[in-house]
Amino acid sequence: MSLTFHWFLPTNGDSRHVVGGGHGAPVTAAGGDRPPTVGYLTQIARAAEHLGFVGALTPTGAWCEDAWLTTAMVSQNTERLKFLVAFRPGFVSPTLAAQMASTYQRQTGGRLLLNVVTGGESHEQRGYGDFLDKDARYARTGEFLSIVRDLWDGKTVDLAGEHLRVEDAKLTRLPDPVPQIYFGGSSPAAGQVAARHAEVYLTWGEPPAQVARKIAWIRSLAAEQGRTVRFGIRLHVITRDTSDQAWAEARRLLDGFDPETVRAVQTGLGRSESEGQQRMLALHGGSLDNLEIHPNLWAGIGLVRGGAGTALVGSHTEVAERIAEYHSVGIDEFVFSGYPHLEEAYWFGEGVLPLLRDRGLWSHPFRTPTQPPTVQARFATSGRP
């Protein structure tokens, strides 16, 4: 089975420095270095498509541009790249979301994947008019996905749930293909929803042993539902020709962290209701020391950024070895990012993916090895800043 790789669209802005944001952390000043225009995001998307990434994750929240609208525009400038659109089910009706997904599939040739984000921060949810607590939000997500899946199956849905109610709900046009659901969360409530509804369970980049325990947990819950789930991991990456070059880049990023910003971000993230966020914080404890928490796994990003806070750092060979290690515990899909996202896509795509191809772990999803790149792919290569 070929591993699947996705990249990231930085709709909160991009930079040669780490851009903060997420889980209550403000977007840092670096986010203004490369604003998230459709033109710039298209450059990244075309590069990812050319290099062999299957899709691109686009985040959700008050700290970034809207994922649905942004990817709908970028999709018109790409050919095959899929868009892993993060969205929060509490902000839109399930019938409308099912219809939006169906429209998206028709207008893009079936290139939508959905990352369902329940929402871990009550204060941010309240800003959008959602006043449920965390456990209630997960219960609502379960009802939401039950309705959406039945609608995608062509059923007429009547449901009076604890949080959602629809009557005579149906779609006149069904999505083809049905979008796959990606879902993450470390709490018991999240595990139950993932086991019932997710095709792919996503975890943030904890050390492999911790990831293996999460996989065993979700597999067990899914088996109780008579289901199987695939597993993916969300990481940043700094890969270079040599290990010394990669760690020098990590040190450069770390040197750019303002101590007061680190303290403020860590204080804010410490109040997060997200169990996954607390697990990220525990990896570094807010300290700038001992940030390599597993060979080639660096926790420095999480000092100034909410959400995914770890990066694979090393030579191309070392990064490929760590990917193989994660694969050995059950990870088949990888969602990567790096600063800046355009250049780091090339470092990874030209440095690591060929090594994985040679090991029989990856093949380019869009062309045979002898097939030349498309016109758009050549434009992506020439469009590097």
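The values are calculated or read from the model by the stated rules, or taken from the named source; none is laboratory data. Just so it is clear, the model here is predicted, and its values are computed rather than measured. Note: ideal-geometry Cβ built from the backbone for every residue, glycine included; neighbour counts use all protein chains shown. Each accessible area value is taken on the protein alone, full model and side chains, heavy atoms only, with ligands, DNA and RNA left out. Shrake-Rupley method; radii C 1.70, N 1.55, O 1.52, S 1.80 Å.
Give just the number: which of (1) open to solvent by less than 20 Å² (accessible area, probe 1.4 Å); (2) over 24 Å from Val237 (Cβ atoms); (3) modelled with pLDDT of 95 or more; (4) not in a helix (DSSP H, G or I) does Ala194 not satisfy?
Here Ala194 clears every test but (4).
Within the set of pairs 6 or more residues apart or between chains, which connect a residue that is closer than 14 Å to Trp362 by Cβ and aliphatic (A, V, I, L, M) inside the stretch 312-329 to a residue that is open to solvent by 50 Å² or more (accessible area, probe 1.4 Å) and part of a helix (DSSP H, G or I) with Cβ atoms less than 6 Å apart?
What qualifies is Ala320/Leu355.
Quick check on my filter: what residues within the stretch 330-348 are closer than 14 Å to Arg240 by Cα, open to solvent by less than 10 Å² (accessible area, probe 1.4 Å) and in a helix (DSSP H, G or I)?
Selection gives Glu344, Ala345, Tyr346, Phe348.
For the stretch 81-126, name all the residues that are over 23 Å from Tyr138 (Cβ atoms) and surrounded by fewer than 17 Cβ atoms within 10 Å (Cβ to Cβ).
Thr103, Arg106, Gln107, Gly109, Gly110
Would you be able to tell me the number of residues in the stretch 206-263 that are in contact with a helix residue (DSSP H, G or I) (Cβ under 7 Å, 6 or more places away or on another chain), aliphatic (A, V, I, L, M) and under 24 Å from Leu84 (Cα atoms)?
7
Might you let me know whether the stretch 257-278 holds any residue that is of a type in the set (Asp, Glu) and under 20 Å from Glu321 (Cα atoms)?
No, every residue in the stretch 257-278 fails to be of a type in the set (Asp, Glu) and under 20 Å from Glu321 (Cα atoms).
How do the strands (runs of 3 or more DSSP E) wholly within the stretch 60-171 filter down when requiring 3 or more residues that are without any contact (Cβ under 8 Å) to a residue 40 or more places away in the chain: which remain?
In the stretch 60-171, the matching strands (runs of 3 or more DSSP E) lie at 82-87, 157-160, 165-169.
From the residues in the stretch 27-67 that are farther than 10 Å from Leu81 by Cβ and of a type in the set (Asp, Glu), which one is least open to solvent (accessible area, probe 1.4 Å)?
Asp66
Given the options Arg140, Arg80, name the one that is closer than 22 Å to Gly307 by Cβ and charged (D, E, K, R).
Arg140
Looking only at the stretch 197-227, how many residues end up being open to solvent by 30 Å² or more (accessible area, probe 1.4 Å) and part of a helix (DSSP H, G or I)?
Total satisfying the criteria: 10.
Which one is farthest from Thr4 (Cα to Cα) among residues in the stretch 308-329 that are open to solvent by 10 Å² or more (accessible area, probe 1.4 Å) and not in a helix (DSSP H, G or I)?
Among those residues, the one meeting the criterion is Ser315.
Determine the pairs where a residue that is of a type in the set (D, E, K, R), located within the stretch 174-201, has a partner that is assigned to a strand (DSSP E or B) with Cβ atoms under 7 Å apart, the partner being 6 or more residues away or on another chain.
Glu199/Ile181; Glu199/Arg230
Can you tell me which residue is nearest to Phe348 (Cα to Cα) among those in the stretch 234-248 that are of a type in the set (D, E, K, R) and touching a residue at least 60 places away in the same chain (Cβ under 8 Å)?
Among them, the one singled out is Arg240.
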